[in-house]
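In what follows, a single structure is set out as structure tokens and then discussed.
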Amino acid sequence: MTLRRFCTYAFCLALTAYVPSVAQDDVNSVVLQPRVLTPAEFLTSKSVGDNGRIALPGQISTRSSAEQDSAYAQALALKIPSSTRFATSLMESSIALRFRAELQRQPSIWEQINNTMNIPPEILEPSPQERAQYQLTIANAMYVPGVLLFPMGTGNAMVNLGDIARIFGFGEDVSPIIRYVVDETIEVEIVVYSTQAMVIKTVFSGIQAPGTYTITWDGREQNGKTATAGEYIAEVRLGGERLMRKRITWKGR
């Protein structure tokens with residue numbers, strides 16, 4: 001065998017062993033392309049399942065109900081221009097988008113302040129425990145040593161703050177006793193008024209010398225009738241320059 005024939009025989013053996021392996025690698029490495037869809041198939045096919053293809057936006061993959069089909073057929077039967085339909089749909093979509101954006105909008109700083117300051121009245125209403133504590137605090141404030149007060153003792157007597165003030169000498173005197181001082185000889189007039197500024201009685205009217213005077217209103221009106229129980233004002237007029245008033249609580253007789 002010549003050298004040329006030997007080289008030709010070796011090349012054929014090598015080529016025969018290499019071709020099947022190349023064919024096998026090509027079969028395993030080739031990526032199959034999906035079938036090209038027609039426009040009708042592309043629009044009507046499902047958005048998931050066809051080799052992962054994503055359909056057009058707004059595509060519906062589920063069947064509609066009979067009511068929806070009837071409403072759609074009735075809408076198509078109306079003689080409405082397409083531009084009007086588009087404008088109406090656009091307006092509805094705009095309203096829906098604005099409403100959705102309003103729901104998702106974060107409140108402004110002023111709205112947050114308003115929500116914080118707008119406290120419901122139910123929150124500020126005192127609880128039964130706070131009401132009881134308030135009554136107990138009032139009772140403790142009016143406690144007098146040696147006097148049984150409710151709820152600290154068995155008694156139910158309550159001392160008025162005005163009585164306590166008068167005991168210590170700094171309370172308001174609301175008795176019908178009127179005291180005043182005259183510095184010089186002057187004309188004096190004492191008139192009792194009601195809280196409605198109505199003249200009840202002129203207790204005194206005349207000229208008095210300097211000194212300290214005390215006059216007691218007898219609780220009667222100008223016509224001699226007994227005045228009703230209530231609040232009155234005694235006004236002492238010293239000439240045309242000085243004026244003194246006193247509150248009188250008349251409890252009747």
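Some values worked out for this structure:
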item: Qualifying residue in region 164-176 (condition: at pLDDT 90 or above, under 19 Å from R245 (Cβ atoms), outside any helix (DSSP H, G or I) and touching a strand residue (DSSP E or B) at 6+ places or on another chain (Cβ under 6 Å)); result: yes
item: Qualifying residue in region 193-209 (condition: assigned by TED's automatic domain parsing to the domain that holds Q133, modelled with pLDDT under 90 and polar (S, T, N, Q)); result: no
item: Single unsatisfied condition, G224 versus (1) modelled with pLDDT of 90 or more; (2) over 51 Å from the mean Cα position of the chain (by Cα); result: (1)
item: Positions within region 221-253 being among the hydroxyl-bearing types (S, T, Y) and surrounded by 15 or more Cβ atoms within 10 Å (Cβ to Cβ), in sequence order; result: Y232
item: Of residues in region 76-111 being basic (K, R) and either within 23 Å of the chain's Cα centre (by Cα) or assigned to a helix (DSSP H, G or I) (or both), the one surrounded by the most Cβ atoms within 10 Å (Cβ to Cβ); result: R85
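The values are calculated or read from the model by the stated rules, or taken from the named source; none is laboratory data. No experiment lies behind these values; they were computed from the predicted model shown. Positions of Cβ are backbone-derived with ideal geometry, glycine not excepted, and every protein chain shown enters the neighbour counts.
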